Every structure is written in structure tokens, then in C-alpha cells.
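No value in this document is a laboratory result; all are computed from the given coordinates. Everything quoted here is computed from the prediction, not taken from an experiment. Every residue, glycine among them, receives a Cβ derived from its backbone with ideal geometry; neighbour counts consider all protein chains shown.
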Amino acid sequence: METFVWTFLITIVLIGLIVGVLLAFYFLQEKIIFSPIKLDEDYHYPFEIEFEEKFYEVDLGIRLNTLLFKAKESKGLIFYVHGNADNLRYWGQFAAFFVYLGYDVFMFDFRGFGKSDGKIKGERLLQRDTKRLYLKMLEQYDSSKIHIYGFSLGTGIAARLASRQPCATLFLEAPYFNFVALINYHKGYLPASWISRYYFRTNKYLKDVEAPIHIFHGTEDRKVPYFLGKKLKDNFPEVNFYKVEGCTHNEMQEMKLFQEEMKRILT
């Protein structure tokens, strides 16, 4: 009888721990996934290349902070959807490469990042905000000259945007097959498909993208593993896939293959 009681108590404790972990992930997943860093509104970005800072209202009382980096003789626009964590203070440094190739670069911070208002409260909200900013860029640039570029977490957002809006090209750097697959890679003990509010189904969006698709993925990427990007190529043979040997998650612009291929595609 005593053994039964102890077994019962241990089982209850274990069940409680498991439920606690699942509830913690469910209610804290925005903080776990996105990790934004705020900036004071009077913060001055230190970038040396020319840029314009602007706020766009995407919802009642919600403004997103954006940067438009300007090339001397613009060939078009790179609409850049960044990854998780930090803010435009960090992500802005990746604009210089594209400006060097002759393109303007539009970047924005998600809700709660940098100087942007509000908080992320679901995938649909993220997708809607991105679409509204893209429509603003369509007022300034012809769709045939806009290249949508997604990095890491931003690849799922960029892929959906390109599946719904006209563009010249879709670039995905370090993409995942879908976001649940990425959660399963990092936290395999979680029933991600049950408790995640974020799916970012890149594998579903690509079939509806009419523009050319180019994927770059590093073989040494530990944040978004190479096999998740390769799986997209396996499912969509028409995709242009570039295996970047020895490249980790944040080194792509330093890699010779990436530099050469981007110059070939964009010039």
C-alpha cells in the first residue's frame, strides 16, 4: 500500500511538472521566440550610409519603426524581413551589402522591437503588419523591382508575403521547413504542433510564389540547421538552392559564394 501511495504521488508530481512546462511555453512563447530589445525613440542610428527613418501606423495607435537605406542610383528595393532578437540597431548593418550592389533597402522592426510600438500577439498580426508595410513600398517602387528577402525567423513571414504579393524575387537566408519543425529541433520534448501559436508554414507558401526563389543555407548553422533548408529544396525542385559550406547562422554576407551569386542575380 505504501509503495502504491509513493508511486501515485510521484506520478502526480511528474504530471504537474510536465503540465507546468507546457503552460509556461504556451503563455511565454512570444518572449522565448522573439526576445526583442527596446530603444528610446530619440536614439540615433549610427549607420554611415544614407538612410531615412520613418514610422508607419499599421494599427490604431501602433507605429512601426522603419529604415530606408538609399543607393546613389537605385536599381530597385530589397524588402528585408529580419530575424528574432535585437532591433534595427543590429539588423541595419546588413543593408550595406545590398546598397553596394545598387539597391535601396527597407527594414522594419516588429512590434515591441526597437522603437516600434505594441507587442507581438500572434502570427497573423505579424503577417498583416508586414503586408501593410509592403503595400506602402508598392506606392514608391514597381513590384518588378522589389526583391523580398527573409532571414531566419523572417523567412516564413517573407515567404507568405511573396505568396500573396507580386515581387521580382524571393530570397530566403537560413530558412526552416516550417516553424514547428524548428521548435522540434531545439525542443524535441515539447508537443510543438499542439501548443505553439506560431507555424510559419514556409513549405506551404512556396508553391504559391510566382517569382524566382533563391535559398542560401550554411552547413554549420546550429540555430536553423541546414537540413531544414535542404528539405525545402527536396520538396520544391524548382527552387535555386545554394549550399554554403562552413557557414554558420550569421556569417552569410562574408561568404564568397553568397557574394558572387547575389551579384550575379541582382546585377
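Between helix 226-235 and the chain, what is the angle of the helix's C-alpha long axis to the longest principal axis, kept within 0 to 90° and rounded to the nearest 10?
Approximately 70 degrees, to the nearest ten.
Could you work out the relative contact order of the chain? I mean the mean sequence separation of Cα pairs under 8 Å and 6+ apart, divided by the number of residues, in percent.
Once divided by the residue count of the chain, the mean separation gives 15 percent.
Just to check I understand the Karplus step: with θ = phi - 60° and J = 6.51 cos²θ - 1.76 cosθ + 1.60, what whole-Hz values come out for the stretch 128-144, glycine and proline as x?
Values, residue by residue: 5, 4, 4, 4, 5, 5, 4, 4, 5, 5, 5, 6, 10, 10, 6, 4, 5 Hz.
Under a point-charge model restricted to the Cβ atoms of Lys and Arg (+1) and Asp and Glu (-1), what is the dipole moment magnitude of the stretch 107-254 relative to its Cα centre, in debye to the nearest 20?
Values: 23 positive and 16 negative charges, 156 e Å.
The dipole of the stretch 107-254 has a size of about 740 debye.
How large is the dipole of the stretch 55-152 about the Cα centre if only Lys and Arg carry +1 and Asp and Glu carry -1, each at its Cβ, rounded to the nearest 20 debye? All intermediate terms of the calculation are to be shown ahead of the outcome.
Values: 15 positive and 11 negative charges, 21 e Å.
For this selection, approximately 100 debye.
Amide H neighbours of C247 under 5 Å, at least 5 residues apart or on other chains, H built in the peptide plane: list them.
Counting only residues 5 or more places away or on other chains, the set is T219, E220.
If you place +1 on the Cβ of every Lys and Arg and -1 on the Cβ of every Asp and Glu, how big does the dipole about the Cα centre of the chain come out, in debye to the nearest 20? Walk me through the numbers before you get to the answer.
Numbers: 34 positive and 32 negative charges, 149 e Å.
Roughly 720 debye, rounded to the nearest 20.
With each pseudo-label sitting 7 Å past Cα toward Cβ, what's the K145-K204 distance in nm, one decimal?
3.5
So what is the relative contact order of the stretch 27-108, in percent, for Cα pairs below 8 Å that sit 6 or more residues apart?
Details: 120 pairs, mean separation 28.0, N = 82.
Reported relative contact order: 34 percent.
What does the convex hull of the Cα atoms come to per residue for the stretch 139-210, in Å³? Walk me through the intermediate numbers first.
Numbers: hull volume 6.0 nm³, N = 72.
Measuring per residue, one finds 83 Å³ for the Cα hull of the stretch 139-210.
I need the phi-derived Karplus couplings for the stretch 199-216: 6.51 cos²θ - 1.76 cosθ + 1.60, θ = phi - 60°, integer Hz, Gly and Pro marked x.
10, 6, 7, 3, 5, 8, 6, 4, 5, 9, 8, 8, 7, x, 10, 10, 10, 10
Would you mind checking the stretch 67-105 for residues with the amide N under 15 Å from a putative spin-label position 7 Å along Cα→C-beta of E52?
Backbone N within reach: 67-78, 104-105.
What percent does the relative contact order of the stretch 136-246 come to when contacts are Cα pairs within less than 8 Å and at least six residues apart? Walk me through the numbers on the way to the answer.
Values: 204 pairs, mean separation 29.3, N = 111.
In percent, rounded to a whole number, it is 26.
So between T267 and K75, what do we pick up on full extension, going 0.36 nm a residue minus the alpha carbon distance?
Values: separation 192, 0.36 × 192 = 69.12 nm, distance 0.88 nm.
Full extension of this stretch gives 68.2 nm more.
I want to check the label-to-label distance for A96 and K119. Put each point 7 Å from Cα in the C-beta direction and report it in nm to one decimal.
Rounded to a tenth, the inter-label distance reads 3.6 nm.
Kindly put T219, T202, T267 in sequence by how many other C-beta atoms sit within 10 Å of each C-beta, fewest to most. Don't jump to the answer; show the numbers that get you there.
Working: T219 15, T202 30, T267 9.
Lowest count first: T267, T219, T202.
Among F216, A181, Y205, whose Cα sits farthest toward the positive end of the charge dipole of the stretch 179-267 (+1 at Cβ of Lys/Arg, -1 at Cβ of Asp/Glu, about the Cα centre)?
So the residue furthest toward the plus end is A181.
Of the residues D117, D42, D59, which exhibits the maximal mean-square fluctuation in a Gaussian network model of the chain defined by a 10 Å Cα contact cut-off?
With Cα springs under 10 Å in the chain, the top fluctuation among D117, D42, D59 is at D42.
Using only alpha carbons, build the gyration tensor for the chain and give me the equivalent ellipsoid semi-axes, biggest first, whole Å.
Working: eigenvalues 260, 101, 54 Å².
Those come to 36, 23, 16 Å.
Of the options L68, L125, W91, report the single residue whose Cα projects farthest towards the positive end of the charge dipole of the chain (beta-carbon charges: Lys, Arg +1; Asp, Glu -1).
Selected residue: L125.
Within the stretch 197-221, list the residues whose amide N lies under 15 Å from a label point set 7 Å along Cα→Cβ of K230.
Only 216-221 fall inside the zone, counting backbone N under 15 Å.
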